[in-house]
1. Restricting the search to region 82-102, which residues are at pLDDT 75 or above, more than 15 Å from I33 (Cβ to Cβ) and among the small types (G, A, S)?
2. Look at region 25-49 and say how many of its residues are of a type outside the set (A, V, I, L, M, F, W, C) and within 27 Å of S155 (Cβ to Cβ).
3. For region 126-162, enumerate the residues that are loosely packed, with under 15 Cβ neighbours inside 10 Å and assigned to a loop (DSSP other than H, G, I, E, B).
4. Would you pick out the residues in region 135-163 that are within 19 Å of D51 (Cβ to Cβ) and touching a Phe, Trp or Tyr at 6+ places or on another chain (Cβ under 8 Å)?
5. What tally of residues in region 95-116 results from selecting those that are of a type outside the set (G, A, S) and open to solvent by 60 Å² or more (accessible area, probe 1.4 Å)?
6. When you scan region 31-50, how many residues do you find that are touching a residue at least 40 places away in the same chain (Cβ under 8 Å) and over 19 Å from Y130 (Cβ atoms)?
7. What residue, of L145, L162, L134, L158, is of a type in the set (A, V, I, L, M, F, W, C), under 23 Å from L40 (Cα atoms) and under 11 Å from the mean Cα position of the chain (by Cα)?
8. Could you list, in sequence order, all residues of region 51-90 that are closer than 18 Å to F133 by Cα, buried (at least 22 other Cβ atoms within 10 Å of the Cβ) and either among the hydroxyl-bearing types (S, T, Y) or touching an Asp or Glu at 6+ places or on another chain (Cβ under 8 Å) (or both)?
Amino acid sequence: MIGVVLVLALAIAAPGISAQTRGGNSQGSAPEISGMRAHLFQNKSAQLSQDILDPKYGGSWNIIAGPNSANATLVVVEVSGPPGGTYTGYFGPRTKYMVHLVAQELGRRPKALLDRTDAIPVLNDNGKVYVAFLVHPSGCAPVRLTATIVGARPSKPLERSLNFACGE
C-alpha cells in the first residue's frame, strides 16, 4: 500500500518537477531588450494604430483630434534570452532581472509620463517575450522612451522617440 502511494505521489509530482526545469537555469544568460514598438489607442474606436515607431509610419501630427484621435500609447518592449528562459522564479531560480521603461515628454516643460519596472514573463520557445506599458502623453510634445533591463547585469538602454506635435 505504501509503495502504491509513493508511486502515485511521484507520478503527481513529476509534471511539476519537469515544469520547474523547463526554462533551464537563466542565471548565466542575462535577458536583453531586443526591440520596441508603440501603438496609439484610438479613443473613438478602441482600435490600436499601426506601429508608430516604424519608419514607414506617416506621422504623429495632431493625434489628439480627428477620427483616429488617441489619448494613450501602448508601448511594447521585446525581451530576448534563452528559449523558455525564466527570470521570475516560477520555473527555476529567481534572477531579479526586470524591464524598466521611462517615458519623458519633452518640450518647454519636460514632464515624466511613466517610470515603471515590471517583471519579465517566461520567454517563449523562440527566446522572446513582450512586456506592455501604457503611456498617457499630451499628444502635442515629443516623448523619449528609454527601456532597460535592470538586475544583476544591467543592459544598454534602447531609446526611441515618439515625434508628437500639434498645430494648424
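The values are calculated or read from the model by the stated rules, or taken from the named source; none is laboratory data. No experiment lies behind these values; they were computed from the predicted model shown. Counting neighbours? That spans all protein chains shown, and the Cβs are built from the backbone with ideal geometry, glycine included. Note: accessible area is taken over every heavy atom of the protein model, side chains too, but ligands, DNA and RNA are not part of it. Shrake-Rupley method; radii C 1.70, N 1.55, O 1.52, S 1.80 Å.
1. Scanning region 82-102 gives a single hit, G84.
2. 11
3. Of everything in region 126-162, those that are loosely packed, with under 15 Cβ neighbours inside 10 Å and assigned to a loop (DSSP other than H, G, I, E, B) turn out to be N126, H136, A152, R153, P154, K156, P157.
4. Matches in region 135-163: P137, G139, P142, V143.
5. Residues in region 95-116 being of a type outside the set (G, A, S) and open to solvent by 60 Å² or more (accessible area, probe 1.4 Å): 8 in total.
6. Number of matching residues: 0.
7. The conditions single out L134.
8. Matches in region 51-90: T73, V79.
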